[in-house]
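Have a look at the structure below, then the notes.
The values are calculated or read from the model by the stated rules, or taken from the named source; none is laboratory data. These numbers come from a predicted model, not from an experiment. As a convention, Cβ positions derive from the backbone with ideal geometry for all residues, glycine included, and neighbour counts pool all protein chains shown. Quick note on the areas: whole protein, heavy atoms, side chains included, nothing else; ligands and nucleic acids left out. Shrake-Rupley method; radii C 1.70, N 1.55, O 1.52, S 1.80 Å.
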Amino acid sequence: MHLEPLQESGTQDRRVRRSRTALMAAAVRLVSERGTTDIPVTDLAEAADVSRRLVYLQFGDRDTLLTEAAIDLVRRELLPRAGDGGDTSEGVAALAQHFAAHRAFYRPMLTGSCAFAMTSTLNKLFGSLNRPAVRELFGDLDRQTADDLSEFIAGGAATLVNNWVIDGTDPLDPEALTTRLLRLASTLTSSHQVPTDGHHPR
């Protein structure tokens with residue numbers, strides 16, 4: 001008898017995951033097709049084949065759904081390709097290719113009603129991607145300072161990517177953005193060379 005609730009809960013969890021997945025996929029598709037985040041909740045629900053009420057139950061409001069859809073897209077398609085930060089050039093190239101491929105979705109997300117939430121999300125993304133490299137480069141820093149520096153650099157990288165996605169010439173050139181970002185990374189690296197005599201540069 002005690003297994004019954006567990007089975008029902010498991011079935012319910014699967015249904016919740018399926019409906020969330022369907023809604024996020026519908027959000028990416030409709031925003032990309034229409035070029036705007038101003039999409040009625042009814043349209044999102046119909047595209048996902050779920051009830052309008054379910055959108056509010058699972059996400060609270062439309063903009064939260066759209067932002068969660070962006071986070072899900074990054075987690076599924078970008079992070080596995082970007083790796084763990086071991087190969088900077090490969091990770092940066094994957095990032096540029098991802099945003100170029102999904103420009104139709106990210107552009108309205110960065111200019112519409114979700115712009116603030118989307119920018120914050122990208123800052124966190126870039127912070128997590130460059131944190132290993134920052135700690136390796138500035139290894140003598142305490143953890144808080146290293147994390148702050150990582151977020152500071154991430155904000156600049158996010159601004160470059162945002163501007164590129166919003167205003168870049170169509171079609172976007174991922175190689176050009178990759179070159180720009182790697183050039184900046186190289187500049188940061190060369191400006192923080194560890195002296196061989198153990199003394200900090202003046």
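Points worth noting:
- Check on Leu149, open to solvent by 20 Å² or more (accessible area, probe 1.4 Å), touching a Phe, Trp or Tyr at 6+ places or on another chain (Cβ under 7 Å), over 24 Å from Ile39 (Cβ atoms) and not polar (S, T, N, Q): yes
- Pick from segment 57-101, criterion of a type in the set (Val, Ile, Thr) and open to solvent by 40 Å² or more (accessible area, probe 1.4 Å), ranking: modelled with the highest pLDDT: Thr64
- Among the residues of segment 115-141, the one identified as farther than 23 Å from Leu184 by Cα and crowded, with 23+ Cβ neighbours inside 10 Å is Met118.
- Test result for Tyr106, in a helix (DSSP H, G or I), open to solvent by 60 Å² or more (accessible area, probe 1.4 Å), of a type in the set (Ser, Thr, Tyr) and without any contact (Cβ under 8 Å) to a residue 60 or more places away in the chain: no
- Residue match in segment 77-96 (condition: touching a residue at least 24 places away in the same chain (Cβ under 8 Å), over 15 Å from the mean Cα position of the chain (by Cα), closer than 20 Å to Leu129 by Cα and part of a helix (DSSP H, G or I)): yes
- Flag for Leu54 being in a helix (DSSP H, G or I), under 22 Å from Ala104 (Cβ atoms) and either modelled with pLDDT of 95 or more or open to solvent by less than 50 Å² (accessible area, probe 1.4 Å) (or both): no
- Being at pLDDT below 85, of a type outside the set (Val, Ile, Thr), over 18 Å from the mean Cα position of the chain (by Cα) and not in a helix (DSSP H, G or I) is true of Asp140.
- Residue within segment 30-48 that is among the hydroxyl-bearing types (Ser, Thr, Tyr), outside any helix (DSSP H, G or I) and surrounded by 13 or more Cβ atoms within 10 Å (Cβ to Cβ) present: yes
- Among the residues of segment 152-175, those identified as open to solvent by less than 30 Å² (accessible area, probe 1.4 Å) and at pLDDT 95 or above are Trp164, Val165, Gly168, Leu172.
- Pair list, Cβ under 8 Å, 6 or more apart: segment 126-152 residue within 24 Å of Arg81 (Cα to Cα), other residue open to solvent by 80 Å² or more (accessible area, probe 1.4 Å) and in a loop (DSSP other than H, G, I, E, B): Pro132/Asp84
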